[in-house]
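Contents: one structure, followed by commentary.
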């Protein structure tokens, strides 16, 4: 059957027969009761928008992240092209895929008294690693976890607008603007926790400014937002507080650390000092503190990461395995971890994505809606999710 003849939405109206008894004459009357018409059903969508309730039967179907969750959980965490798609389609639809379901199943069984387990999405470029990470992070958010999300670790080792010598350690450098921006987004995502969690240490920022022991975590975050010069050190103090309190008696929160492109932490920096020499990632305050979060020497949560070809040090063009992108030093620091492969779309997933694009009128060219057109798209994209999005943008 040609693809354009396939119905995009199926509806069923169920009619039941029920016997009604009259109280006076005892006679039976047959009455037809028509049930309300159900919600439209779609072969490429699922109405199950709760990640905790999704299962293998939902694989290949799109679920919709509520706009409120997008605003709070992902103020800066979605890929740029996906953000454009959300605006174009007026919804944030994510396909339910096996890699994300696998990690979510592990998270459901996590023993919070044990050291944090590390999960790593890996695969060829454009396979959907970042959205798989976002799917897992959305699960943590809906379960009431505190989310520490680094959307692009590589951005912390690229050129920055302002690089200052650290006031805390003379051998390191601060990135105040990047630190301040990250703190603002962290505050948006974790607002409910900022008044409940109290600091366990006293922090002195200047001769006149300090954060007393027992202060709300929100006060610590506001210090970094309002005093840009100390923002990098505030990020370090914040991460330290979360590591020390997560999983401890009396601390009522679970911690999800999500890092996209974690291999950049042991990669190569493109930031230069005043003498034009390159800054080593070891010398960056933000990277130094984030590396500490990657250690599994704390309890009460999980570490979820992805690998990116961009953040690796001169890897082969088609490299995608953890040992290739992490390098020896990065692999030693992240070992042990659970690798989760993210492949290209299966035939079922491609069909679902194709129908979704048709439903959203993303495919306008008449030939793109035919079987021949679909075969050409498969040939050009090899069912690569990212490439499929780019190719279909011209159709």
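Values quoted throughout were computed directly from the atomic coordinates according to the rules given, and no laboratory measurement underlies them. Predicted, not measured: the structure shown is a model, and the values here were computed from it. All Cβ positions, glycine included, derive from the backbone under ideal geometry; neighbour counts span all protein chains shown.
Quick look at the numbers
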item: Candidate values (i) 1.07; (ii) 0.99; (iii) 1.18, label of the one derived for Rg/Rh (Cα atoms, Kirkwood Rh); result: (i)
item: Cα gyration tensor shape of segment 279-395, rounded if a/c is under 1.5, else prolate or oblate by comparing a/b with b/c; result: prolate
item: Among 71-77, 144-150, the order from most to least packed when residues are scored by Cβ within 10 Å on average; result: 144-150, 71-77
item: Part-to-part distance (alpha-carbon centres) for segment 162-186 and segment 255-273, which is given in Å; result: 14 Å
item: Potential lengthening between residue 169 and residue 64 on full extension [0.36 nm per residue; Cα-Cα distance subtracted]; result: 33.3 nm
item: Residues 111, 389 arranged by fewest to most Cβ contacts within 10 Å; result: 111, 389
item: Computed [θ] at 222 nm, deg cm²/dmol, the chain (DSSP H ≥ 4; -39,500 (n - 2.57); rounded to nearest 500); result: -10500 deg cm²/dmol
item: Anisotropy class of segment 169-217 from Cα gyration tensor, a/c 1.5 cut; result: oblate
item: Part-to-part distance (alpha-carbon centres) for segment 57-129 and segment 239-253, which is given in Å; result: 25 Å
item: FRET E, pair residue 248, residue 268, Förster distance 35 Å, beta-carbon r, rounded to 0.05; result: 0.45
item: Rounded, prolate or oblate (a/c below 1.5 giving rounded, otherwise prolate when a/b exceeds b/c) for segment 41-125 by Cα gyration tensor; result: prolate
item: Ranked packing of 287-294, 48-55, most packed first, by mean Cβ within 10 Å; result: 287-294, 48-55
item: For 138, 365, 58, order by how many other beta-carbon atoms lie within 10 Å, fewest first; result: 365, 58, 138
item: FRET efficiency, 1/(1 + (r/R0)^6) with R0 35 Å, evaluated for residue 318 and residue 278 via beta carbons; result: 0.85
item: Percent of beta bridges antiparallel (DSSP, the chain, rounded to nearest 5); result: 50 percent
